[in-house]
Amino acid sequence: QLQASGGGLVQAGGSLRLSCAASESIFSINVMGWFRQAPGKQRELVAAIASGYITKYTNPVKGRFTISRDSAKNTVFLQMNNLKPEDTAVYYCIADRRTWDEPQYWGQGTLVTVSS
């Protein structure tokens, strides 16, 4: 239902762009975003967007990551610039009708590896 793409290996300071498309079986989606989970760490919300323009970012990525959404295509993007080794994690796309705290829908995860 959520198909993510765009992960990969990049050197520190580089950029990646993640994409996530929601299938037509998911309707009335107001919130889309990304969580991540690094090895040995808890899963955390990275960025989310609601109503097409209300955004939320975790502090470590502010100023480096930008979330955007193409509502017509039910697709969300995460532009990640100036990547750091601590950004290495599996990134999960999420979607929900109301909230980014406990989203209903989860994608399969895409691995982002940042080398130093």
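The values are calculated or read from the model by the stated rules, or taken from the named source; none is laboratory data. Just so it is clear, the model here is predicted, and its values are computed rather than measured. Don't worry about glycine lacking a Cβ; one is built from the backbone with ideal geometry, like all the others, and counts go over all protein chains shown. Remember, those area values only see protein heavy atoms, side chains included, never the ligands or the DNA or RNA. Shrake-Rupley method; radii C 1.70, N 1.55, O 1.52, S 1.80 Å.
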Return the carbon/sulfur percentage of the accessible area of the chain, one whole number, probe 1.4 Å, all protein chains in place.
47 percent
Student exercise, the range 19-107 dipole from Lys, Arg, Asp, Glu Cβ charges, in Debye to nearest 20:
180 debye
The chain - share of DSSP beta bridges that are antiparallel (%, nearest 5):
90 percent
The lysines whose Cα lies under 21 Å from the Cα of K41, excluding any fewer than 8 residues away in the same chain, are K56, K62, K84
Kindly provide the chymotrypsin sites (Phe, Trp or Tyr not before Pro) of the range 25-57 that DSSP labels as loop, not H, G, I, E or B, and whose Cβ sees at most 14 other Cβ atoms within 10 Å.
F27, Y53
Using only protein heavy atoms and a 1.4 Å probe, report how much of R36 is accessible, in Å² to the nearest 10.
20 Å²
